[in-house]
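Report on one structure; see the data block that follows.
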Amino acid sequence: MDVELIEIRDFLASHHPFDLLPPEELEQLPRKLSVRYFRRGTRFPPADADQSFLYVVRRGAVDLRDEHGELIGKLAEGDLCPWHCRPADHPEALVSCNTAEDTLVYLIPCTEMERLRKKHKAFFDHFEHTVAQRLRNALSLIKERSATDLGLMTVRISDLLGRPLVSATPNTSICDAAWIMTENRVSSLILMTEGRLVGIVTDRDLRSRCIAAGVSREVPVGMIMTENLHTTEADTLGFQALIAMTRLKVNHLPVLDEGRVVGVVSSSDLLRIQSANAAYLVGDIYKANDLGTVVEISSKVPELQVHLVTGGATADQVGQAVSAVTDAISTRLLELAEEELGPPPVPYVWMAGGSQARREQSSHSDQDNALLIADHAKPADDEYFAALANIVNDGLDACGYDYCPGDVMARNPKWRQPLRIWRKYFTNWIQRPEPMALMLASVFFDLRPLHDPEGLFGELHEHVLEHSRENRIFIAYLAANALKHRPPLGFFRNFVLISGGDHDHTLDIKHRGTVPVVDLARVNALSAGIPQTNTIERLEAGAEARALSRDGAANLVDALEFIGTLRMRHQVRQIKEGRKVDNFLSPDELSSPERGHLKDAFSLINTMQEALGQRHQAGRFA
């Protein structure tokens, strides 16, 4: 075999899916293909081909655009264009393809591809789906396992509502209400007035507020009902509802679907399908009477991550569970601090930032938080809030949540301010997007309130969304900053690995993998005034608001879940081996299909980054 054919063989062997072929096929394949060169701006694939080919990009790039001219995909070195061999695989949204630069491609006849597909199953399976579909299928395998193993981690409240809503009016007598509950075999009764939820009565209420209190069974049940109800949404995950019940110390939650009451979920409903997860830890945390007990419980968080990942949980499921535990720890530390210091002089909000705010934590995250204080606070009141912040920040550190390296914590006076100062902060960051403001965006534009009895956070959040949505220059700067974190794919679509040092021959799977998606979602959310902080929720809401295409949003969700799940698995291996947990993944840890899927995920992210840059003209502000 001459040198040129050897080079082609080696190139194909180093790229998925040709790495799935046996050596003897790879030896023969270079002799069966041809090579063609296209100048920049040429329509692709060409219309003058003498037969149907699969095109393999050797050098250069091809832009894929929709009917509006929006960039929705890109073929780079090592990517395939199989549509002439399989017309059904042509993306529905795709209208035009042109070379973005001078491009060299290999042409493999479709007849040869069909022979290889029939002869080699792994090769066949790869071509049954598009890049996005392959990644989606890889995720589906993980989620199918998690659905059977993780109970409340995947079950939504709507899945538990097997009976029609049982309700009555507040004027129904206690005796009749008890009969309705007995007849329908329910432990609670929703009370409605003209279709509006006004209260609930439970078995416990009948015992404690009627029988034990000597109240006549003939009086209206509204006399003993519970008002000012806590509710949950139909699409809430089961474990989130159970955690809410534990925190609120209630056993029943009315379920709403678009504001309409559709049923009631009880702690018994949830516990019937409950497996070991975050809910048990949260329950223990809220019962803890001192810091030492909270620290002891928090030591089980790595074990929780191991349990979830071993059971097949995705990154989103792990993030939701671990963040719920961190929320509980933070809230309980605030309660213990108030017990020690006395009630606060004015209302305040404890705000979580970063990955906790987005509900995307792993078990070894550091802490990002801040305090928002009511405007009528006096200067002397800061002594109380400084003490409270120190107690909570020190407590979180003792629980394994390291102090923020950048000191973005409530104990820092700069991040412990009245509402009016926080409004000025965000106004300045948005109107003057300097490097420091863009750096802080990853924390402070993802805030979520954990303790906010007076609802102060809502005013600040509305201010942020209104001003960021209206300022296109700020969004452009934010987009340019988001493009600084690029997936680690090189010129020939190979992984770009860290060279030298403690992390030699690894990928920074967080800063070069998940962070780019988080940044993309944040830019799209702020540009459209989307209030959500969770990255997946931002992407889905962004698609609804047309801040990005539905296909683009779905691809980013899949890429985030796949990369994040690889990251969680990597950390679990380290936890099991007693090593310090990090985000540096060696490709050697992955199977060949996983490496291919990871490259697919990186490619999808890179495409969406380019689309974001074009949409907001980010190159002008880099």
### Query
Quick one: what pairs do we get from the stretch 342-365, first residue closer than 20 Å to W422 by Cα, second in a loop (DSSP other than H, G, I, E, B) and among the small types (G, A, S), C-beta under 6 Å, 6+ apart or different chains?
V346/A374; V346/A377; P347/A374
### Message
Tell me whether the stretch 371-387 contains one or more residues that are surrounded by 20 or more Cβ atoms within 10 Å (Cβ to Cβ), in a loop (DSSP other than H, G, I, E, B) and of a type outside the set (A, V, I, L, M).
### Response
no
### Query
Here are L229, L197: which of them is in contact with a Leu (Cβ under 8 Å, 6 or more places away or on another chain), in a loop (DSSP other than H, G, I, E, B) and surrounded by fewer than 21 Cβ atoms within 10 Å (Cβ to Cβ)?
L229
### Query
Going by the structure shown, is R579 within 23 Å of L64 (Cβ to Cβ) and not in a helix (DSSP H, G or I)?
no
### Query
What are the pairs, 6+ residues apart or on separate chains, where a residue within the stretch 30-44 that is under 20 Å from V3 (Cα atoms) and among the acidic types (D, E) has its Cβ under 8 Å from a residue that is at pLDDT 95 or above and in a strand (DSSP E or B)?
none
### Message
Just checking, does the stretch 462-482 include any residue being in contact with a strand residue (DSSP E or B) (Cβ under 9 Å, 6 or more places away or on another chain) and farther than 22 Å from E561 by Cα?
### Response
no
### Query
Got a sec? Which of E462, E540, E470 is within 30 Å of L590 (Cβ to Cβ), free of Cβ contacts under 8 Å to residues at least 24 places away in the same chain and out of contact with any Lys or Arg (no Cβ under 8 Å at 6 or more places or on another chain)?
E540
### Residue that is farthest from D327 (Cα to Cα) [pool: residues in the stretch 265-282 that are in contact with a helix residue (DSSP H, G or I) (Cβ under 6 Å, 6 or more places away or on another chain) and modelled with pLDDT of 85 or more]
V265
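Table: residues versus (1) buried (at least 24 other Cβ atoms within 10 Å of the Cβ); (2) out of contact with any Leu (no Cβ under 9 Å at 6 or more places or on another chain); (3) part of a helix (DSSP H, G or I); (4) at pLDDT 90 or above.
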{"position": "T514", "(1), (2), (3), (4)": "yes, no, yes, yes"}
{"position": "L520", "(1), (2), (3), (4)": "yes, no, yes, yes"}
{"position": "T533", "(1), (2), (3), (4)": "no, no, no, yes"}
{"position": "E537", "(1), (2), (3), (4)": "no, yes, yes, yes"}
{"position": "E540", "(1), (2), (3), (4)": "no, yes, yes, yes"}
{"position": "A543", "(1), (2), (3), (4)": "no, yes, yes, yes"}
### Query
Within the set of pairs 6+ apart or on separate chains, which have a first residue in the stretch 475-498 that is under 29 Å from A525 (Cα atoms) and crowded, with 16+ Cβ neighbours inside 10 Å, a second that is charged (D, E, K, R) and modelled with pLDDT of 90 or more, and C-beta atoms under 7 Å apart?
A482/D519; H485/R512; H485/D519; P487/R512; P488/R512
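The values are calculated or read from the model by the stated rules, or taken from the named source; none is laboratory data. Worth saying up front: this structure is predicted, and the values here are computed from it rather than measured. In this analysis, Cβ positions are derived from the backbone assuming ideal geometry, glycine residues included, and neighbour counts consider all displayed protein chains.
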